[in-house]
Amino acid sequence: MREALKDAKVSHETSVTALKVRPGAGRRDAEWPRPGRCRIISVANQKGGVGKTTTSVNIAASLALHGARVLVVDLDPQGNASTALGVDHHADIPSIYDVLIEDTPLADIVVPAPEIPNLYCAPATLNLAGAEIELVSKVARESRLRRALDAYDTDGFDYVLIDCPPSLGLLTVNALVGGDELLIPIQCEYYALEGLGQLVRTVDLVKAHLNPEVNISTIVLTMYDARTRLAAQVAEDVRAHFGDIVLNTVIPRSVRVSEAPSYGQSVITYDPGSSGALAYSEAASEMAHRWVEAAQ
């Protein structure tokens, strides 16, 4: 495990965000601090099943319920983020595929999430499954999402969260080029750490050649099982290597978190009092308050 983490250690230039936060700051506030400009955050990890979509949706829902305007860009062909937000995404719906391949304006596909005010979604359809191949022949294939975001009025939002597929293909590269920050969910199990070094190297390459602004700003530990020694060991080692970019809040394993998407909801609206909902609300609060404290 330690070798896997050593391989994945972030370079100083990529991860320099030595920020502090008060534990529990702001979770119960009616409105959390809003950033001075729109934060575009990609949520990525090429390992599947680590909670990327769950993290994207529930942090977005938490932020929206506390006064922020949030857009979720579903860049995963499975369309799970769209499902969790209750947004229709069958094959005939205009989607992020049309934006990337057909140059459709992003404004034409963004729709409001029905359950939560101030929360919007750019849905994904199964058409996106072929986008990796179709993008190969496109001009500026790595920056098509960035161009779409630049042409869109993102100033109307406080956060844009880009939910990435479980791979390091062109869709994820588009997200890294399109975003300013990277949030990495890490499952508190040994195998989730393998391959993390490859993600960090990909970020470094994107930073060097395509988007010098991108940096790993946040790591969140997911599926934490307090009953196991392994979860505690993984959390300890991740914090030792990545330092203050790891959120204080850990996301526990929760049946409610798994159930919520089947009802077209985030766990924040499905069962607000559950351990998963409270943890994601706490994590979102940390992200909001850290930004303000860093600016100050």
| Rounded to the nearest 500, what is the chain's calculated 222 nm mean residue ellipticity when only DSSP H runs of at least 4 contribute -39500 (n - 2.57) each, over all residues? | -11500 deg cm²/dmol
| message | Give the aspartates and glutamates reachable from residue 207 as a straight Cα distance under 16 Å; neighbours fewer than 8 places away on the same chain don't count. | response | 13, 142, 180, 181
| message | Run the numbers for residue 180 and residue 292: contour at 0.36 nm per residue of separation, minus the present Cα-Cα distance, in nm. | response | 38.7 nm
| query | Taking each full run of DSSP H in the chain as one helix, which ones are at least 18 Å long along their axis (Cα atoms) and have mean Kyte-Doolittle hydropathy of at least -1.0? | reply | 52-65, 196-209, 229-242, 275-295
| query | If we count other beta carbons within 10 Å of each Cβ, what is the order of 263, 280, 152, fewest first? | reply | 263, 152, 280
| request: Provide the gained length on full extension for the span residue 236 to residue 259, in nm with one decimal, where the gain is 0.36 nm per separating residue minus the Cα-Cα distance. | output: 5.4 nm
| So in the chain, what percent of DSSP beta bridges are antiparallel if you round to the nearest 5? | 5
| task | Determine, for 71, 149, the number of other Cβ atoms within 10 Å of each Cβ, and report the residues in order from fewest to most. | result | 149, 71
| Relative to the Cα centre, what is the charge dipole magnitude of the stretch 221-296, using +1 at the beta carbon of each Lys and Arg, -1 at the beta carbon of each Asp and Glu, and rounding to the nearest 20 debye? | 180
| query | Where the centroid of each part is defined by its Cα atoms, how far is the stretch 128-162 from the stretch 239-296 in Å? | reply | 26
| query | Got a sec? How would 62, 262 order by Cβ neighbour count within 10 Å, fewest to most? | reply | 262, 62
| request: Take every Cα pair under 8 Å in the chain that's 6+ residues apart, average their separations, divide by the length, and report that relative contact order as a whole percent. | output: 29
| said: What's the magnitude of the charge dipole for the stretch 2-295 around its Cα centre, counting Lys and Arg as +1 and Asp and Glu as -1 at the beta-carbon? Answer in Debye, nearest 20. | reply: 880
| query | What is the extension gain from residue 213 to residue 103, computed as 0.36 nm multiplied by their sequence separation minus the C-alpha to C-alpha distance, in nm to one decimal? | reply | 37.2 nm
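No value in this document is a laboratory result; all are computed from the given coordinates. All values reported here derive from a predicted model rather than from experimental measurement. Cβ: placed from backbone, ideal geometry, glycine included. Neighbour counts: every protein chain shown.
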